[in-house]
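Take a look at the structure below.
The values are calculated or read from the model by the stated rules, or taken from the named source; none is laboratory data. Quantities reported herein were computed from a predicted structural model and do not represent experimental measurements. Cβ placement follows ideal geometry from the backbone for every residue including glycine, while neighbour counts extend to all protein chains displayed.
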Ligand code: IVH
């Protein structure tokens, strides 16, 4: 076939595929089979491989994503992305309506569903998607265009010809319940932590580095707001209808309302009916329809005055409490978990619910066989919020909480200030030990492949591991003879263990499982103290100097290193060759050598974390709090007044962002060990003005 003919075929295929994507993803009424669609897509992909010069960045082939990772560039919104003011009560809603009527007179309102996902702003230039940006802080967001292209319902090219040459359309990226359930089933099978709700899942997916993963996750996108200088109509609803014709997915569940009664009816209807929607909603958004009226009403600093979100009460379901299990966590904490008669709640079937602790059981007076209300909060497992007393059996008895560990039989204890009961048998209670080992090997800790929950259980049963350090002294031959393992899995484990010796110190510290030392705290501790020995030696006061470390965490660290059994484990890990200190990053200069610095407030040129990284790159040390040890504070916008006062009292110098930048850019960089190439590149950079609006 000739080159010209191939080019024509490519446009024909593109048009066909766009048409069928719209049928499938937006209209939910496919006209061809998945197989036929894939065949067309493959044909286009083959042609693009042959003629890369004809391939378009908005080609339907881009919907499958790529595995190239890319950092997300932070970009400025052309029009700020405001949020909405919330109301939870009919009275407040009435006041909002009255205020508008007072100011404007009778107006048309538009009621829409409030989709529970993550906000997105799409820019179209000459009918083609050119940019997709997250909300970010409302002024700037992350450019996630490559990921958004993989979402089938986002049109890559618009239909018709009456769209503005340049405009933005905003909406919500959502993860429908079917996709969410599938994702969590996959994560469960892979031993990965479950996602709490479709909102988190959608937001997390959108920030995935690989767009191929995004393409597989089944996201959807519904649009609800246009922004631009040349929108064709003077009302919100007319523009949304136009956007639907251009190919966008616009919700059908929208109504024009002219009175408070009509608005209340819409809310009441959807408060009940939303249970039947295939995606999560958390309220109704009420907007003034006319743009002229919207302009007249204006905005506050945060939100428009012409729109409000009425939030639904959390959905709840009534079901029977069948029994209560008691789980023992890696810290020994006992968590009661309710087994329920299965019930449908917010799109998923619920069989278990958490009850937190004994106090909660007593407070709600939860009894076996009660009918109970369950709700989904921010957590993965729903919780019991109330007992339906009218349905209680007259012979029921108050719940008797357990007094002994269900796993090892030790008598349970309660620590001061803690609501939970604990099993104190840390070194002899199996779920605690296995839990600590599971924590140690997980992806965000030592990331040892091949050592899942079942294998750890198997090693435990065969007496091969009793604590985390045993992992590094496993015998490959012995491993291979274990039932269900075999040589291949055994060598995978040994290889995973070997590789984990390169895991950076901050993750080793997190993996140790010291109480309250999560991933972030471990990072701060590692960057502050640099070695495990320094942390082990530090006093409570010294520990509390590190960012985000309060006395509770400091106490837990001191307690950990005061325990001989832990010291023995730590020493065996050291002998095995784990990273016990921060590997030095490339120093850019010694300008801040020996200086203790506090970074405080908001900066114009970069984030606070970037500023802190600069301190380290130039040899300084970041401190969290203002004290006499601090050499100077770099103050951005809105540094807290208390901090400022303290600094002034102690006579600690306060400098601004520009002075700080000057401090680290003035130094003679040649005194450092750099390759010639690096020195030349840096010397060239030195003459450039500092980027951003610093001065
Ligand atoms: S309008 C200036 N309409 O709710 C107002 N927002 O809590 C622009 N949301 O950031 C937003 N459904 O992410 C609007 N039908 C809807 C919405 C909606 C969900 C989200 C949106 C916004 C958040 C505010």
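Quick look at the numbers
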{"read-out": "Breaking point among (1) surrounded by 22 or more Cβ atoms within 10 Å (Cβ to Cβ); (2) away from the ligand (no atom under 12 Å from the Cβ), for residue 259", "value": "(1)"}
{"read-out": "Count - residues of the stretch 593-626 that are surrounded by 15 or more Cβ atoms within 10 Å (Cβ to Cβ), out of contact with any strand residue (DSSP E or B) (no Cβ under 8 Å at 6 or more places or on another chain) and assigned to a loop (DSSP other than H, G, I, E, B)", "value": "4"}
{"read-out": "In the stretch 296-349, the residues that are away from the ligand (no atom under 13 Å from the Cβ), modelled with pLDDT of 90 or more and over 30 Å from residue 424 (Cα atoms)", "value": "296, 317, 318, 319, 320, 341, 342, 343"}
{"read-out": "Only one of 256, 286, 334 that is under 22 Å from residue 83 (Cβ atoms) and touching a strand residue (DSSP E or B) at 6+ places or on another chain (Cβ under 7 Å)", "value": "286"}
{"read-out": "Flag if residue 106 is out of contact with any helix residue (DSSP H, G or I) (no Cβ under 9 Å at 6 or more places or on another chain), away from the ligand (no atom under 16 Å from the Cβ), farther than 20 Å from residue 225 by Cβ and in a loop (DSSP other than H, G, I, E, B)", "value": "yes"}
{"read-out": "Subset of the stretch 242-256 (residues that are within 15 Å of the ligand (Cβ to nearest atom), assigned to a loop (DSSP other than H, G, I, E, B), closer than 22 Å to residue 20 by Cα and touching a residue at least 12 places away in the same chain (Cβ under 8 Å))", "value": "248, 249, 251"}
{"read-out": "Residue among 44, 17, 93 that alone is touching a strand residue (DSSP E or B) at 6+ places or on another chain (Cβ under 9 Å), part of a helix (DSSP H, G or I) and either exposed (fewer than 12 other Cβ atoms within 10 Å of the Cβ) or at pLDDT 90 or above (or both)", "value": "93"}
{"read-out": "Enumeration of residues in the stretch 266-292 that are more than 12 Å from the ligand (Cβ to nearest atom), more than 22 Å from residue 106 (Cβ to Cβ) and surrounded by 19 or more Cβ atoms within 10 Å (Cβ to Cβ)", "value": "274"}
{"read-out": "Yes/no for residue 516 being touching a residue at least 12 places away in the same chain (Cβ under 8 Å) and assigned to a helix (DSSP H, G or I)", "value": "no"}
{"read-out": "Lone unmet requirement of (1) in contact (Cβ under 8 Å) with a residue 24 or more places away in the chain; (2) within 16 Å of the ligand (Cβ to nearest atom); (3) out of contact with any helix residue (DSSP H, G or I) (no Cβ under 7 Å at 6 or more places or on another chain) for residue 239", "value": "(1)"}
